[in-house]
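Peer 1: Once you've had a glance at the structure underneath, I'll fire off some questions.
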Amino acid sequence: MMIGRRNLLALGAASTATALLPAWARSASAAPAAQALSGEDISLTVGHAPITVDGREGHAVAINGTVPGPLIRLKQGQNVRIAVTNTLDEETSIHWHGVLTPSHMDGVPGLSFPGIKPGETFVYEFTVKQAGTYWYHSHSGVQELIGHYAPMIIEPAGGEPAAFDREHVVMLSDYSFLHPHEIIARLKQQAGYFNRQKQTVAGLLAGKDQPLSQRLDWAKMRMDPTDILDVTGSAYTYLVNGQGPNDNWTGLFTPGERVRLRFINAGAMTIFNVRIPGLPMTVVQADGQDVVPIEVDEFQVANAETFDVIVRPSDRAYALVAEAADSSGMARGTLSPRPGVAAAAPPLRARPILTMRDMGMDMSGMAGMDMDMSMRNPQHATQVKLGPGVQMIAPMPLDRTGDRGTGLDQVPGRVLIYRDLEALRPNPDPRPFTRQLEIHLTGNMDRFMWSFDGESFSEIVKPIPFRRDERVRVTLVNDTMMNHPIHLHGHFVELVNGKAADRQPRKHTVNVMPGGKLTFDLTADAPGDWAFHCHMLLHMHAGMFRVVTVRPLDGAA
Ligand SMILES: [Cu+2]
């Protein structure tokens, strides 16, 4: 199951190859469409491979030998067979993220299929129902943290609603030269291990960043207001299409062209804030679904989300900046009319500081109250199983779909918020919901325990049952101080964000802000067993995972 340390070292010593990048991701690639795998029969091989990031060599689990893996380009309505061969000495799998397949083609070992054993080939086969920008990745072990991810683009049967002349995939990710198991061990030993941006004692005495009363409250909570992401730039190098900041991935264009950029966050533990200084971006798609175009200067992309934007650059080079939400590092590249140019990236922003809003409460006028009492016993959360795995319950969780994402409160310019998103076409199911449920996102940051409703996933935790074709309204309440991008397999959910009921944006992954709540409507129209989990992958591994079942009303399979 595990990749032993000795194996890693042996691999490192044996490999002398330079960075292996797929053709579509190489700097200066002009025609990514021609470099994709297409057609009805596609073959993929999962195996160990070296990766070179900013000149330093590490180990990866790669698809067809590259990180990211090959771009798959399909057409809406076609059938596809994808044969996946496993050359690892452990099980592997591929999950087609956001792609609507039968449940036994969804690629979650132990739930949708048995997994792909070493030496075996599994053939996925499905009809492509939808169009848009998607991606695919492992759902086994920690493979996705070390390179097992790649883009998938599906061309719409009826033509693209948004006009563009050229496109580039921009796949963001995070890579650490530390093995994921070492990262997990350090997080369990010491909360905030990778947070090297802690507030200093000098800062505390001077009271620079926050009033002292608030600092004392933080201390009482045994939390740190700079704990934004669990794993930070001190351990991670942030990648654009598999390339580090110094590698400077470059997307070419001819001045005056409309360029479509398909942003995909394949980061394991990183939320990115994306901007191209000097170049407005028109968002035309979110999670593969067309939205009413909206022009912004910056947007946040949480783990597993995708956003497509169209830009119209002038005859100059632009920095493409994807800054980690905690400002501990950035992925960067260049958009340029000519190869070999590196546009200067702006400096990292000041670190963001979490507020009482991120704790699910506005603390004004509440100084001195007993935090432990107030945060463990609010009336609304009786369903949460309290215990050492639940550090707090947000007393007054707010709908934060109108808030800018973490790290973007103070930045200039137009920032995309969830409330801006509006489906371009009416949603397929206009029925009102007939049932409502609330699910709490819970955890203990000190112990690195994560859960839904206080119960970390195990074989004995009961699934969340849906009746086939029922309309349900689900509210997610984030009782923790971290962002949780929650992904439901096999379905799109309609984000309740103030838009008309039939224009609520459809998403496969929704980020629930710290101390916040978020509501979506759902038609449970895909029979079978589906994964429902946080896409901060170490949160998923630590228990923020649940099985959702969709069954006919009579209870038969
Ligand atoms: Cu999470």
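Since every read-out is calculated from the coordinates, none of them should be taken as a lab result. Every value quoted in this text rests on a predicted model; they were computed, and no experiment measured them. Cβ coordinates were reconstructed from backbone atoms using ideal geometry, including for glycine residues, and neighbour counts include every protein chain displayed.
Peer 1: Using θ = phi - 60° and the Karplus curve 6.51 cos²θ - 1.76 cosθ + 1.60, what whole-Hz ³J(HN,Hα) does each residue of the range 163-175 get, with Gly and Pro shown as x?
Peer 2: Calculated HN-Hα couplings, in order: 7, 7, 9, 7, 9, 9, 7, 10, 9, 9, 7, 10, 10 Hz.
Peer 1: For His440, what residues show an amide H to amide H distance below 5 Å, using hydrogens built from the backbone and excluding near sequence neighbours?
Peer 2: Asp453, Val477
Peer 1: For Arg435 and Lys75 in the same chain, what is the full-extension length gain: residue separation times 0.36 nm, less their Cα-Cα distance, in nm?
Peer 2: Here the segment from Arg435 to Lys75 would lengthen by 126.0 nm.
Peer 1: Once the Cβ-Cβ distance between Asp409 and Glu90 is put in as r, and R0 is 60 Å, what FRET efficiency do you end up with, to the nearest 0.05?
Peer 2: Once the sixth-power term is evaluated, E becomes 0.90.
Peer 1: Taking 0.36 nm per intervening residue step and subtracting the Cα-Cα distance, what contour gain separates Val123 from Ala501 on full extension?
Peer 2: Fully extending the segment from Val123 to Ala501 adds 132.2 nm.
Peer 1: Need the full-extension length gain, Ala185 to Ser234, defined as separation in residues times 0.36 nm minus the C-alpha distance. One decimal, nm.
Peer 2: Between Ala185 and Ser234, full extension yields an extra 16.0 nm.
Peer 1: What is the Cα convex hull volume of the chain when expressed per residue in Å³?
Peer 2: 148
Peer 1: Right, here's the next one. Give the order of Asp290, Asp525 when sorted by the count of other beta carbons within 10 angstrom, beginning with the fewest.
Peer 2: Taking fewest neighbouring Cβ atoms as first place, the list is Asp525, Asp290.
Peer 1: What ranking of Val231, Val311 emerges when the number of other C-beta atoms within 10 Å of each C-beta is taken as an exposure proxy, fewest first?
Peer 2: Val311, Val231
Peer 1: In sequence order, what are the phi-derived ³J(HN,Hα) couplings for the range 518-534 according to the Karplus relation 6.51 cos²θ - 1.76 cosθ + 1.60 with θ = phi - 60°, rounded to whole Hz, with x for glycine and proline?
Peer 2: Each residue's phi maps through the Karplus curve to give 8, 10, 9, 9, 8, 9, 7, 9, 10, x, x, 9, 10, 7, 9, 7, 6 Hz.
Peer 1: Rounding to the nearest 20 debye, state how big the charge dipole of the range 5-159 is about its Cα centre with +1 on each Lys and Arg Cβ and -1 on each Asp and Glu Cβ.
Peer 2: Dipole magnitude for the range 5-159 comes out near 220 debye.
Peer 1: What is the Cα convex hull volume of the range 219-367 when expressed per residue in Å³?
Peer 2: Convex hull of Cα atoms, per residue: 138 Å³.
Peer 1: So, one more: Where does each of Leu495, Leu441 land when they are ranked from fewest to most other beta-carbon atoms within 10 angstrom?
Peer 2: Leu495, Leu441
Peer 1: Scan around Glu167 for amide H atoms under 5 Å from its own, H built in the peptide plane at 1.01 Å from N, and keep only partners 5 or more places away or cross-chain.
Peer 2: Arg260
Peer 1: Follow-up question, since we're still on this one. Give me the dipole magnitude in Debye, nearest 20, for the chain about the Cα centre, with unit charges on the beta carbon: positive for Lys and Arg, negative for Asp and Glu.
Peer 2: Using Cβ point charges on Lys, Arg, Asp and Glu, the chain gives about 540 debye.
Peer 1: For the residue pair Glu160 and Leu553, what label-to-label distance in nm results when each label sits 7 Å from Cα along the Cα-to-beta-carbon direction?
Peer 2: Distance between label points: 4.4 nm.
Peer 1: Over the Cα atoms of the range 450-495, each weighted equally, I'd like the Debye log10 I(q)/I(0) at q = 0.20, 0.24, 0.33 Å⁻¹, rounded to two decimals.
Peer 2: Each listed q corresponds, in turn, to -0.95, -1.26, -1.38.
Peer 1: Ok, one more. For the range 5-159, what are the per-bin percents of Cα-Cα distances with bins 10 Å wide, up to the bin holding the maximum?
Peer 2: 11, 40, 34, 13, 2, 0
Peer 1: Counting each DSSP H run of 4 or more residues in the chain as -39500 (n - 2.57), what helix-only mean residue ellipticity at 222 nm follows after dividing by all residues, to the nearest 500 deg cm²/dmol?
Peer 2: One gets -2000 deg cm²/dmol as the mean residue ellipticity at 222 nm.
Peer 1: How large is ³J(HN,Hα) for each residue in the range 252-260, as worked out from phi by the Karplus curve 6.51 cos²θ - 1.76 cosθ + 1.60 (θ = phi - 60°), to whole Hz, x for Gly and Pro?
Peer 2: 8, 8, 9, x, x, 5, 8, 10, 8
Peer 1: Could you give the longest part of the chain that holds none of the trypsin sites (Lys or Arg not before Pro) found in DSSP loops with at most 11 neighbouring Cβ atoms within 10 Å?
Peer 2: 223-557
Peer 1: Please find the FRET efficiency linking Arg425 to Arg316, where r is the Cβ-Cβ separation and R0 is fixed at 30 Å, and quote it to the nearest 0.05.
Peer 2: 0.25
Peer 1: Counting only residues 5 or more places away or on other chains, whose amide H sits under 5 Å from the amide H of Asp399 once H atoms are built in the peptide plane?
Peer 2: Lys517
Peer 1: Kindly give the semi-axes, whole Å and largest first, of the ellipsoid equivalent to the range 462-557, taking each as the square root of 5 times a Cα gyration tensor eigenvalue.
Peer 2: The three semi-axes for the range 462-557 are 22, 18, 10 Å.
Peer 1: Given the options Ile94, Asn79, Gly55, identify the residue whose Cα lies farthest towards the positive end of the charge dipole of the range 48-95 (+1 on Cβ of Lys, Arg; -1 on Cβ of Asp, Glu).
Peer 2: Asn79
Peer 1: Sequence gap at least 6, Cα distance under 8 Å: using those rules, report the relative contact order of the chain to the nearest whole percent.
Peer 2: RCO, the chain: 12 percent.
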